[in-house]
Amino acid sequence: MPHADMTEELDDTVRQADPDRWLAARFIADETARAEVVALYALNNELARAAQVASNALLGEIRLTWWREAMEEVAAGKPHRRHPIVDVLAHSAFDPLELAALADARLPDLDAEPFADEPALLDYVDATAGALMGLAARRLHADARDGQVRSAARAWALTGLWRAGEASGKARLPDGWTERQLRPRVAAALAAANREAKDLPAEAFPAVAYAALAGRYVAGARMGELERKARLTWAVARGKV
């Protein structure tokens with residue numbers, strides 16, 4: 001297992017970069033599982049940043065390729081690259097080829113144009129946020145299934161894309177989508193999420209809990225950490241988002 005300093009470093013990184021997922025991870029009782037899920041979120045942050053920090057699409061693709069190849073090397077049993085995220089994930093219970101697929105799924109980020117239509121958008125969401133949530137849920141309980149988290153991930157991702165577009169002025173949602181059109185889609189996804197998660201093992205629920213914040217975000221609410229903690233605690237207690 002990697003040195004504790006590495007897991008603490010990643011924990012601090014995710015707390016700053018992805019505070020909602022970090023808060024939800026506080027409800028993971030097993031320390032090893034929590035450290036591995038946090039490392040997964042740290043990887044997701046690096047992949048999501050690839051297009052943001054690169055000055056052009058080629059450089060962004062190089063960054064994504066680096067992470068994909070790093071995970072493929074782990075899968076092949078080669079010495080892993082010296083990076084805290086790679087080190088923790090190389091010793092984790094995650095399938096490194098599934099982690100490599102997360103990098104490829106981010107290639108559409110290099111095209112800043114809005115998605116052509118709703119099916120294209122949902123394909124992207126399922127391959128990124130959906131795959132991430134499924135990996136975390138299965139790490140927390142082997143009986144968790146992707147179908148139990150798909151709608152929760154969609155609600156979270158649609159809200160996230162809308163918020164990112166509002167902040168940057170670069171919309172990724174399909175042309176013509178407005179906040180008025182988005183809200184019922186998120187509400188429907190959350191309702192479906194609670195139906196899908198009905199049989200989700202309780203141990204796996206922290207992997208989906210942060211979707212409970214999506215409805216408030218899409219309504220334009222600005223929540224402080226105390227409110228977010230309270231909402232996540234209530235979601236975990238009920239097993240509903």
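Cβ-Cβ distances below 6 Å connect the following pairs, each with a first residue in region 44-73 that is in contact (Cβ under 8 Å) with a residue 60 or more places away in the chain, a second residue that is among the acidic types (Asp, Glu), and a separation of six or more residues or different chains: ALA51/ASP109. Residues in region 199-223 that are more than 12 Å from ARG145 (Cα to Cα) and charged (D, E, K, R) were compared, and the one that is surrounded by the most Cβ atoms within 10 Å (Cβ to Cβ) is GLU203.
Scanning region 211-238 for residues that are among the aliphatic types (A, V, I, L, M) and more than 17 Å from TRP156 (Cα to Cα) returns LEU226, ALA230, ALA237.
Residue-by-condition table, conditions (1) within 15 Å of the chain's Cα centre (by Cα); (2) closer than 26 Å to THR233 by Cβ:
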residue: PHE115; (1), (2): no, no
residue: ASP143; (1), (2): no, yes
residue: ARG150; (1), (2): yes, yes
residue: ASP175; (1), (2): no, no
residue: ASN194; (1), (2): no, yes
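Each residue in region 11-28 was checked for being within 13 Å of the chain's Cα centre (by Cα) and either in a loop (DSSP other than H, G, I, E, B) or at pLDDT below 95 (or both), and 1 pass.
Condition check: hydrophobic (A, V, I, L, M, F, W, C) and free of Cβ contacts under 8 Å to residues at least 24 places away in the same chain. Does VAL86 satisfy that?
In short, yes.
Whenever a residue of region 1-19 is over 29 Å from ALA212 (Cα atoms) and surrounded by fewer than 13 Cβ atoms within 10 Å (Cβ to Cβ), its partners that are at pLDDT below 95 and among the polar types (S, T, N, Q), lying with C-beta atoms within less than 9 angstrom and at least six residues away or across chains, give the pairs MET1/THR7.
So if I check each of GLU8, GLU98, GLU31, GLU72, which one is over 25 Å from ALA155 (Cα atoms) and either at pLDDT below 95 or under 15 Å from the mean Cα position of the chain (by Cα) (or both)?
GLU8
Applying the set (1) part of a loop (DSSP other than H, G, I, E, B); (2) surrounded by fewer than 21 Cβ atoms within 10 Å (Cβ to Cβ) to THR65 leaves exactly one unmet item: (1). Considering (1) part of a helix (DSSP H, G or I); (2) surrounded by fewer than 16 Cβ atoms within 10 Å (Cβ to Cβ), the lone condition that ASP175 does not fulfil carries the number (1).
Got at least one residue in region 41-54 being outside the structural domain of ALA142 (by TED's automatic domain parsing), more than 16 Å from ALA207 (Cβ to Cβ), out of contact with any Asp or Glu (no Cβ under 6 Å at 6 or more places or on another chain) and exposed (fewer than 14 other Cβ atoms within 10 Å of the Cβ)? Yes, the conditions are met somewhere in region 41-54. Counting the residues of region 78-122 that are over 23 Å from VAL38 (Cα atoms) and small (Gly, Ala, Ser) gives 3.
Per the listing ALA116, ALA127, ALA120, the residue uniquely assigned by TED's automatic domain parsing to the domain that holds ALA171, at pLDDT below 95 and surrounded by fewer than 19 Cβ atoms within 10 Å (Cβ to Cβ) is ALA116. For region 186-198, a tally of residues being modelled with pLDDT under 95 and surrounded by 14 or more Cβ atoms within 10 Å (Cβ to Cβ) returns 1.
Looking only at region 221-234, decide whether some residue is among the β-branched types (Val, Ile, Thr), part of a helix (DSSP H, G or I) and not assigned by TED's automatic domain parsing to the domain that holds GLU31. Lay out the reasoning, then the answer.
The initial filter retains those residues of region 221-234 that are among the β-branched types (Val, Ile, Thr), namely 233.
Now restrict to residues that are part of a helix (DSSP H, G or I): 233.
Then keep just the ones that are not assigned by TED's automatic domain parsing to the domain that holds GLU31; that gives 233.
Yes, region 221-234 contains a residue that is among the β-branched types (Val, Ile, Thr), part of a helix (DSSP H, G or I) and not assigned by TED's automatic domain parsing to the domain that holds GLU31.
The values are calculated or read from the model by the stated rules, or taken from the named source; none is laboratory data. Since the structure is predicted, the reported quantities are computational estimates derived from the model, not experimental observations. We place every Cβ from the backbone using ideal geometry, glycine too, and count neighbours over all the protein chains shown.
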